[in-house]
Amino acid sequence: MFKPGVTIWYSVKSLKDTIHFYKELLGFELVFHDADSGMAMVNTTTKDCIIGFSEAEEVIPSTSSTVFEVYDIETSRRSLEQKGVTFIGETETVPDMAKLATFVDPDGHSLMLSEELSPL
């Protein structure tokens with residue numbers, strides 16, 4: 001029934017700020033931008049995963065996290081922090097599962113890095 005892939009959609013206050021964050025800071029590819037309609041989309045580094053944005057007057061930040069897998073969470077976090085990305089709290093460890101680090105985009109939408117841990 002479902003085709004492979006997923007698109008996540010967020011309301012944002014400023015496409016300009018959002019595109020800068022997702023393209024320049026996170027390194028995702030801008031694949032669509034229509035300033036007249038106030039819409040844009042980026043292709044993430046995850047196969048068949050796209051994030052779309054619509055400008056809105058009022059934005060309520062999503063508290064559910066879009067999670068991005070990384071090979072080394074400490075290196076990835078440090079790199080993003082050096083670019084100005086804001087993380088919430090410390091990196092957490094779920095024993096035998098993953099290390100997790102939560103950060104936010106310019107509108108306060110919750111995003112997360114995850115490094116899979118090998119079982120002991």
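The values are calculated or read from the model by the stated rules, or taken from the named source; none is laboratory data. Small disclaimer: the values here were computed from a predicted structure and weren't measured. Glycine also receives a Cβ, built like all others from the backbone with ideal geometry; neighbour counts cover every protein chain displayed. Calculation scope for accessible area: heavy atoms of the full protein, side chains included, ligands and nucleic acids excluded. Shrake-Rupley method; radii C 1.70, N 1.55, O 1.52, S 1.80 Å.
Scanning for something under 26 Å from E116 (Cβ atoms), surrounded by fewer than 17 Cβ atoms within 10 Å (Cβ to Cβ) and either hydrophobic (A, V, I, L, M, F, W, C) or at pLDDT 95 or above (or both), does segment 34-47 turn up at least one residue? Looking through segment 34-47, at least one residue is under 26 Å from E116 (Cβ atoms), surrounded by fewer than 17 Cβ atoms within 10 Å (Cβ to Cβ) and either hydrophobic (A, V, I, L, M, F, W, C) or at pLDDT 95 or above (or both). Of everything in segment 61-115 that is under 20 Å from D17 (Cα atoms) and among the aromatic types (F, W, Y), the residue that is least open to solvent (accessible area, probe 1.4 Å) is F103. Selection of first residues in segment 78-99 that are free of Cβ contacts under 8 Å to residues at least 12 places away in the same chain and of second residues that are assigned to a strand (DSSP E or B) and open to solvent by less than 80 Å² (accessible area, probe 1.4 Å), restricted to Cβ pairs under 6 Å at least 6 apart or on distinct chains, gives the following pairs, ordered by first then second residue: E92/L100. Among the criteria (1) among the aromatic types (F, W, Y); (2) in a loop (DSSP other than H, G, I, E, B); (3) over 22 Å from V6 (Cβ atoms), the one Y71 does not fulfil is (3). Listed by first and then second residue, the pairs linking a residue in segment 18-34 that is part of a helix (DSSP H, G or I) to a residue that is open to solvent by 80 Å² or more (accessible area, probe 1.4 Å), with Cβ atoms under 9 Å apart and 6 or more places separating them unless they lie on different chains, are T18/E55; I19/H33; K23/E29; E24/K83; L25/K83. When segment 74-120 is filtered for residues that are under 21 Å from T7 (Cβ atoms) and of a type in the set (G, A, S), the ones remaining, listed by number, are G108, S110, S114.
Scanning segment 27-49 finds no residues that are over 11 Å from the mean Cα position of the chain (by Cα), acidic (D, E) and closer than 22 Å to A101 by Cα.
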